Each structure stands twice: as C-alpha cells, then as structure tokens.
Ligand code: NAD
Ligand code: GLY
C-alpha cells in the first residue's frame, strides 16, 4: 500500500495535517516541515524504539536531536516518567522552539504530548503513532495526559500536535491482540455517526483480519476523517466530541474492576459499545437488530463481546466516577441505531443493571 493519504484537522491557525501511508517514517521530506526550531527530542519506548527509532533518527539528518526511551506499558504513563522527559529536554537545552516527536502507541503519544504542553508553557510536538488505536484515535485531537494512582488520565491538557505521521508499515509488527483492539475504535466511528462506513466494514472483515494494506489505509483515513471533523467542531468536548466515548463509560468500568491489563482498552470498548447498544434497545431507543449487527461485526473481527464475570455494583460504582457525568447523574452515550449515537444525560441505574454482568 503506497498511497499517501492526507487529511487536515481544521482549527484555524492551529490546523494540522494527518499523513497516512507506508514508509512515512523514512520520508523526512513529508514531515520535516512540521519541525520549526533547532532542538528535537524523540520520545519512544523500549519495544518500539528497537523497531523504528533508527529510521526516524536517520530521517532527522543533521538536526540537533536526542532520544528518550521509556519503559513500555500503561503503568508508566505517569508524572514521574513525564519528569524524565523534562529532564531530557533540559539536557538538550530545549528552548521554546523545540519539538517533541512521539514515536509509539497511545501511551507514548499521551505522555509526550503532555510534556510538550507543559515545557515552557507549550512547545510543538508531532505524533508518530505506531499502533492502530493511536493512528485512528489517540494521535488525533490533542487530548494529552497521564494517569494518577487515583485514576486514568486525571492530569492532562488539550494540546494539538503540529502533524500526525501514521506510517502504516509499522502495523506489521503489532501483536494480533493490540491490532484487534484498534479495530474496535474503527468500528466505533461507523457505530456513532456513519452507517455507510459500518456497512463498508461489514463487507471487508476478511481483508481487515488479514491486515490488507489498501483496506487498512482506507479504514484509517475514514476513521481519522470522522474524528478530525468532530474535533474541528468541538475541540474541548463541550458537546458532540463526547460521542467519541461511545462504549467507553462501560469499558472504563470493566477495565477498572477487572484490573488494568486484564482487558486491553479496545477490548473493553468493544464490550462496552455492545452494552450501550443493548441498553438502548432495552430503553426502546433502538432496534435490537442493530445491537445484533454490532455484535456480529465485533465477533468476526476477533473482539470479545461478553464481559468477564464481575461484580455488578462495583461496575456501577466505577461508572459513577466517569468524567462525563454531571451533577451526580449518569450521562451515557447511547444510540438510536447504527450511525446515530447521542448523549443521554440522566440514565436510570436500574436499567443499566440489566446489561451488566454479575459474578
Ligand atoms: P500502547 O501505547 O500501550 O501500545 C500497545 C503495545 O504495543 C505496547 O506494548 C507498545 O509498546 C506496543 N507497540 C506499539 N507500536 C508497536 C508496533 N508498531 N509494533 C509492535 N509493538 C508495538 O497502547 P495503545 O492502545 O496504542 O494506546 C492506549 C493509550 O491511549 C491509553 O493510555 C489510552 O488512555 C490512550 N488513549 C488516548 C486517547 C486520546 O484521545 N488522547 C484516545 C484513546 C486512547
Ligand atoms: N478519544 C476520545 C477523544 O479524543 O475525544
């Protein structure tokens, strides 16, 4: 797949390109223009760097740069590790015109982006996502942040990147479970707002499972186009952007109660989207057949569709802590059917119990 696909996130003077294509990490001609100043810090991790860092460093040519490798894993998306990025920037002598390149999945993108938001009150950064989830979701839209012991993503900032460079050839080394977890977020775009894209995915299950380059490139492009359009209309999630959290309130509760690492984020989102769809049917808001279609698609893409046995009241307690809730009421993203998600401000807990597992 050699097609170069280019999109834009339209945010006035802060607009930026998303480039999607094979071999882009080597193609400095494409992305060097996104680096304004003299200092570059590449932030990556110990899994991704041995695979791809040399290519990025070679493309940087004579530009003054350093690389910082963090340990792999969500457990390291912390303020302590962010401090290591600040220390590396200080060693580099990074001034306000420095740029951070975030080379890795969503963990590296979120953390490095947050460091960029804070260093000297905000420097440039470029997202170089290497997981499917990061290509279709976390690298686009400027949400950056880290976890605290008290919860995920509790400290963060909106800070848009200068560019997103999605080299699809990197997906070849992604472990199968991580790849499928990314597909859950792809399905989400069809589920919330694009029934035609949902149908398109249903027709291409075999190609997606085979990681067919052309199909994948188009799926990533369509996902990014959906997200870019929503972010352009509602950068700070005052309204419509919340739709991107379809399945996430259920999913975050599953991740928390099952224990981080038991379910991957995308796996929890797959189960959560199905719970949201089933709740919508129970509330008489959506046809049950649409929940069935969602289940079939997720199942065919190798994603889990049933929650593990977990305590229902603990799940509800975790859902009550969700950032989207207002005034102590559970605010969920539900749907009227495929492609028609909406925000429901006050969902009755007794109805929610019906779609939660019970150990
Ligand atoms: P991740 O960054 O942990 O990457 C998953 C695993 O794949 C890691 O072990 C990583 O080292 C490895 N990996 C990455 N690229 C690889 C490659 N090309 N080949 C082989 N291995 C590779 O996880 P993720 O799913 O990319 O991101 C999850 C994170 O994203 C979470 O912290 C979540 O909160 C965040 N997120 C943020 C947003 C946002 O809008 N900012 C949206 C969704 C998720
Ligand atoms: N992943 C949700 C968002 O970016 O808003």
Worksheet item: Where residues in the range 148-157 are at pLDDT below 95 and part of a strand (DSSP E or B), which of them is nearest to ligand 2 (Cβ to nearest atom)?
Response: 153
Discussion item. Whether any residue in the range 306-319 is under 23 Å from residue 198 (Cα atoms) and modelled with pLDDT of 95 or more is what I want to check.
Written reply: no
Item to complete: Look through 85, 40, 56 and report the one residue that is in a strand (DSSP E or B), surrounded by 17 or more Cβ atoms within 10 Å (Cβ to Cβ) and either modelled with pLDDT under 95 or more than 16 Å from ligand 2 (Cβ to nearest atom) (or both).
Response: 40
Response to the item:
Heads up, the helices (runs of 4 or more DSSP H) in the range 181-234 (entirely inside) with at least 3 residues that are in contact (Cβ under 8 Å) with a residue 40 or more places away in the chain and under 17 Å from the mean Cα position of the chain (by Cα) are 213-233
Discussion item. For the range 124-147, which positions are closer than 16 Å to residue 8 by Cα, within 7 Å of ligand 1 (Cβ to nearest atom) and assigned to a helix (DSSP H, G or I)?
Written reply: 137, 138
Practice prompt. For residue 237, indicate whether it is under 24 Å from residue 15 (Cβ atoms), without any contact (Cβ under 8 Å) to a residue 24 or more places away in the chain and within 14 Å of ligand 2 (Cβ to nearest atom).
Written response: yes
Worksheet entry | Members of the range 241-262 that are modelled with pLDDT of 95 or more and surrounded by fewer than 23 Cβ atoms within 10 Å (Cβ to Cβ) | 241, 242, 243
Worksheet item: Inside the range 198-214, can you point out the residues that are within 21 Å of residue 131 (Cβ to Cβ) and surrounded by fewer than 19 Cβ atoms within 10 Å (Cβ to Cβ)?
Response: 204, 205, 207, 209, 210, 211, 212, 213, 214
Fill in: Residue that is surrounded by the fewest Cβ atoms within 10 Å (Cβ to Cβ), among those in the range 1-22 that are outside any loop (DSSP other than H, G, I, E, B) and out of contact with any strand residue (DSSP E or B) (no Cβ under 7 Å at 6 or more places or on another chain)
13
Discussion item. As an exercise: evaluate residue 250 against (1) within 16 Å of ligand 2 (Cβ to nearest atom); (2) closer than 16 Å to residue 201 by Cβ; (3) touching a strand residue (DSSP E or B) at 6+ places or on another chain (Cβ under 9 Å) and give the number of the one condition it does not meet.
Written reply: (2)
Practice prompt. Run residue 85 past the list (1) in contact (Cβ under 8 Å) with a residue 40 or more places away in the chain; (2) within 21 Å of the chain's Cα centre (by Cα); (3) under 21 Å from residue 152 (Cα atoms) and report the number of the one that doesn't hold.
Written response: (2)
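Provide a single number: the residues in the range 235-248 that are in a helix (DSSP H, G or I) and away from ligand 1 (no atom under 13 Å from the Cβ).
2
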Item to complete: Among the residues of the range 111-123, write down those that are assigned to a helix (DSSP H, G or I) and surrounded by 24 or more Cβ atoms within 10 Å (Cβ to Cβ).
Response: 111, 112, 113, 114, 115, 116
Worksheet, complete the sentence: Among residues of the range 23-37 being in contact with a strand residue (DSSP E or B) (Cβ under 7 Å, 6 or more places away or on another chain) and within 22 Å of residue 169 (Cα to Cα), the residue surrounded by the most Cβ atoms within 10 Å (Cβ to Cβ) is 25
Practice prompt. Considering each residue of the range 112-144, count those that are more than 30 Å from residue 209 (Cα to Cα), in contact (Cβ under 8 Å) with a residue 40 or more places away in the chain and in contact with a strand residue (DSSP E or B) (Cβ under 6 Å, 6 or more places away or on another chain), and give that number.
Written response: 6
Worksheet, complete the sentence: The lone condition residue 158 fails out of (1) within 12 Å of ligand 1 (Cβ to nearest atom); (2) over 27 Å from residue 295 (Cα atoms); (3) free of Cβ contacts under 8 Å to residues at least 60 places away in the same chain is (3)
Response to the item:
Among residues of the range 93-108 being assigned to a strand (DSSP E or B) and away from ligand 1 (no atom under 14 Å from the Cβ), the residue farthest from residue 140 (Cα to Cα) is 99
Worksheet item: Is it the case that some residue within the range 166-177 is over 23 Å from residue 145 (Cα atoms) and either within 13 Å of ligand 2 (Cβ to nearest atom) or assigned to a loop (DSSP other than H, G, I, E, B) (or both)?
Response: yes
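The values are calculated or read from the model by the stated rules, or taken from the named source; none is laboratory data. Given the structure is predicted, the values throughout are model-derived calculations rather than measurements. FYI the Cβ positions are ideal-geometry reconstructions off the backbone, even for glycines, and counts take in every protein chain you see.
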